[in-house]
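A.B. asks: Okay, here's the structure, questions in a sec.
The values are calculated or read from the model by the stated rules, or taken from the named source; none is laboratory data. Quick caveat: nothing in here was measured; it's all calculated off a predicted structure. Cβ coordinates were reconstructed from backbone atoms using ideal geometry, including for glycine residues, and neighbour counts include every protein chain displayed.
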Amino acid sequence: MMMAPQQKIKAHHHNALYLVVALVMIFMTLVLALQPLYLRNVLNLGRENAGFVNANIQVLTELVDLLCVGYLGYLSDRFGRVPVIVAGFMLAGWTAMLSPFCLELGILFGVNGLVFFYLARAVMSLGTTAVWPQLATMAGDYTTEENRPVLLAKVGFMMAFGATLVYAVFMQLPRYAPVVLVMFIPAMMAFCGAWVAKHRMLDVALQTKETKFPFKRVKELLVNEPGMRLSFLSAFSSRNDMVIVGLFLMTWFIYYSDLLPDVDHNQAAAHAGLVIGFIGLVVLVTIRFWSGVIDTHGRAPTLVVGLFLSGLGFSIVGFISEPLGIWIFIPALFIGLGQAGCLLASQTLALDLAPEEIRGSVMGAFNTVGGIGIMFFLQVGGMLFDWISPTAPFIFTGLANFIIMAYGLMVLKSYRK
């Protein structure tokens with residue numbers, strides 16, 4: 001009798017998956033968290049353009065993701081997840097090694113160092129786009145519908161652990177060392193990730209016979225499955241949540257410190273890191289709880305509750321006038337709760353409904369929609385940050401989550417997954 005793909009997976013393969021998830025999250029989160037500090041302290045970016053430039057850089061990286069994530073998912077269906085992951089880690093790692101020298105490269109070539117930073121962020125994003133979507137897909141490869149919520153909860157735990165470690169530990173380092181030195185840490189994470197993926201992970205997915213991306217099958221899946229539509233809409237809205245928090249909250253804290261005589265940029269960044277780390281800690285602590293909710297009440301209802309909590313948290317930020325005070329932790333609590341529910345429920349729902357032989361392609365499309373959402377919310381959020389107030393991007397994001405939640409309530413009337 002032929003062994004089922006999941007039967008080939010041993011405990012050490014699961015452990016390797018969890019470790020690689022943590023490493024890529026440290027890479028992605030730390031690169032994003034250091035960006036406002038590097039732009040302010042090294043490239044001397046002024047407050048008047050801070051929201052616009054920070055958002056534009058992130059939009060550029062999301063455009064790279066948008067153009068590539070679907071096809072990379074198809075390549076993982078065709079040639080295996082592990083080769084794509086290893087190549088992505090290596091590309092991201094080598095680019096991260098060069099990124100601290102953008103100012104020097106600008107002087108060498110007679111252009112603004114910001115140009116090289118834009119380029120470095122785009123290439124690093126291309127590398128991570130080859131990594132993290134395939135890890136979520138591999139979690140689907142390693143599981144059945146019955147045990148999927150539990151394993152995805154463990155994957156979500158490691159994602160939250162990586163992000164929390166960045167803000168609670170690594171983002172405290174700029175208080176004691178130059179930011180350009182801290183920027184070498186992501187490179188080390190990427191090279192470690194490449195080694196673990198190559199030597200400790202196992203491909204078990206069936207390789208597709210499709211010679212091109214299966215647009216027609218993915219479209220039919222979206223047309224015929226209301227649960228898949230809900231998961232894609234959730235990806236559009238909620239996948240940007242931690243990007244919005246990591247970028248605009250960090251930027252807000254750093255430039256708010258200009259108004260305070262006794263707080264410098266590094267101290268403000270460290271304080272922002274604690275708030276964002278708290279959100280990650282909430283995700284870390286509650287992700288297993290959400291796994292139980294999914295098993296008890298279903299994927300779609302859990303997703304609706306997650307969207308509500310996330311929308312509530314982002315909306316409450318609009319009432320915060322003093323970001324360095326303790327009240328910021330109240331909306332942070334709701335954002336973390338909602339993020340955990342949305343992260344777990346949306347991916348579980350999409351993986352359940354995706355045909356095995358095109359799972360990578362479906363998840364590539366899922367992440368493409370998420371990339372469109374991030375670009376949209378970042379571009380609008382950057383303008384709102386500069387033109388209205390630092391809290392405006394959060395209010396806008398909260399309203400969007402409420403709208404998707406309303407659609408989810410409509411879906412629940414005819415869908416019970």
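A.B. asks: Looking only at residues that are farther than 16 Å from Val182 by Cα and touching a residue at least 40 places away in the same chain (Cβ under 8 Å) in the stretch 260-271, which one is surrounded by the fewest Cβ atoms within 10 Å (Cβ to Cβ)? Full working, then the answer.
C.D. replies: Applying the first criterion (farther than 16 Å from Val182 by Cα) to the stretch 260-271 yields 260-264, 268, 271.
Imposing the further condition that a residue be touching a residue at least 40 places away in the same chain (Cβ under 8 Å) reduces the set to 260, 263, 268, 271.
Numbers: Leu260: 11, Val263: 16, Ala268: 24, His271: 21.
The extreme case among them is Leu260.
A.B. asks: Another one. Would you mind stating whether Leu67 is surrounded by fewer than 17 Cβ atoms within 10 Å (Cβ to Cβ), out of contact with any helix residue (DSSP H, G or I) (no Cβ under 6 Å at 6 or more places or on another chain) and under 29 Å from Trp195 (Cβ atoms)?
C.D. replies: yes
A.B. asks: Are there any pairs with C-beta distances below 6 angstrom linking a residue in the stretch 67-83 that is of a type in the set (Lys, Arg) to a residue that is outside any helix (DSSP H, G or I), with the two at least 6 apart or on different chains, and if so which?
C.D. replies: Partner pairs satisfying both residue conditions: Arg78/Thr208; Arg81/Asp203.
A.B. asks: Which one is nearest to Asp352 (Cα to Cα), of the residues in the stretch 245-259 that are among the hydrophobic types (A, V, I, L, M, F, W, C) and surrounded by 23 or more Cβ atoms within 10 Å (Cβ to Cβ)? Give the steps one after another, and end with the answer.
C.D. replies: The initial filter retains those residues of the stretch 245-259 that are among the hydrophobic types (A, V, I, L, M, F, W, C), namely 245, 247-250, 252-254, 259.
Now restrict to residues that are surrounded by 23 or more Cβ atoms within 10 Å (Cβ to Cβ): 245, 247-250, 252-254.
On the way: Val245: 29, Leu247: 32, Phe248: 34, Leu249: 34, Met250: 36, Trp252: 39, Phe253: 40, Ile254: 42 Å.
Here the answer is Val245.
A.B. asks: Suppose the filter is farther than 22 Å from Leu135 by Cβ, in contact (Cβ under 8 Å) with a residue 40 or more places away in the chain and within 18 Å of the chain's Cα centre (by Cα); does Ile57 pass it?
C.D. replies: Values: farther than 22 Å from Leu135 by Cβ: yes; in contact (Cβ under 8 Å) with a residue 40 or more places away in the chain: yes; within 18 Å of the chain's Cα centre (by Cα): yes.
Judged against the criteria, Ile57 is a match.
A.B. asks: For Leu152, are the conditions met, namely being within 20 Å of the chain's Cα centre (by Cα), closer than 25 Å to Leu353 by Cβ, crowded, with 20+ Cβ neighbours inside 10 Å and at pLDDT 90 or above? Explain how you work it out, then say what you get.
C.D. replies: On the way: within 20 Å of the chain's Cα centre (by Cα): yes; closer than 25 Å to Leu353 by Cβ: yes; crowded, with 20+ Cβ neighbours inside 10 Å: yes; at pLDDT 90 or above: no.
In short, no.
A.B. asks: I'm trying to understand the selection: among the residues of the stretch 373-383, which are β-branched (Val, Ile, Thr) and either at pLDDT 85 or above or over 17 Å from Ser125 (Cα atoms) (or both)?
C.D. replies: Scanning the stretch 373-383 gives a single hit, Val380.
A.B. asks: Okay, next question. Go over the candidates Gly73, Gly46 one by one and state the one that is at pLDDT below 85, more than 23 Å from Phe170 (Cβ to Cβ) and surrounded by 24 or more Cβ atoms within 10 Å (Cβ to Cβ).
C.D. replies: Going through Gly73, Gly46 in turn, just one is at pLDDT below 85, more than 23 Å from Phe170 (Cβ to Cβ) and surrounded by 24 or more Cβ atoms within 10 Å (Cβ to Cβ): Gly73.
A.B. asks: Limited to the stretch 244-264, what total is found for residues that are touching a helix residue (DSSP H, G or I) at 6+ places or on another chain (Cβ under 7 Å) and in a helix (DSSP H, G or I)?
C.D. replies: Total satisfying the criteria: 14.
A.B. asks: Next up: Pick from the stretch 189-228 the residues that are modelled with pLDDT of 90 or more and charged (D, E, K, R): which of them is farthest from Tyr18 (Cα to Cα)?
C.D. replies: Applying the filter and picking the extreme gives Lys198.
A.B. asks: Scanning the stretch 319-357 for residues that are of a type in the set (Gly, Ala, Ser) and in a loop (DSSP other than H, G, I, E, B), which turns out farthest from Met228 (Cα to Cα)? Full working, then the answer.
C.D. replies: First, the residues of the stretch 319-357 that are of a type in the set (Gly, Ala, Ser): 321, 325, 332, 336, 338, 340-341, 345-346, 350, 354.
Within this subset, residues satisfying the condition of being in a loop (DSSP other than H, G, I, E, B) are 321, 325, 354.
On the way: Ser321: 39, Gly325: 40, Ala354: 9 Å.
Looking at the filtered set, the residue picked out is Gly325.
A.B. asks: Before we move on, is Ser99 in a helix (DSSP H, G or I) and either modelled with pLDDT of 90 or more or under 26 Å from Ala354 (Cα atoms) (or both)? Reasoning before the result, please.
C.D. replies: Details: in a helix (DSSP H, G or I): yes; either modelled with pLDDT of 90 or more or under 26 Å from Ala354 (Cα atoms) (or both): no.
So Ser99 does not fit the description; no.
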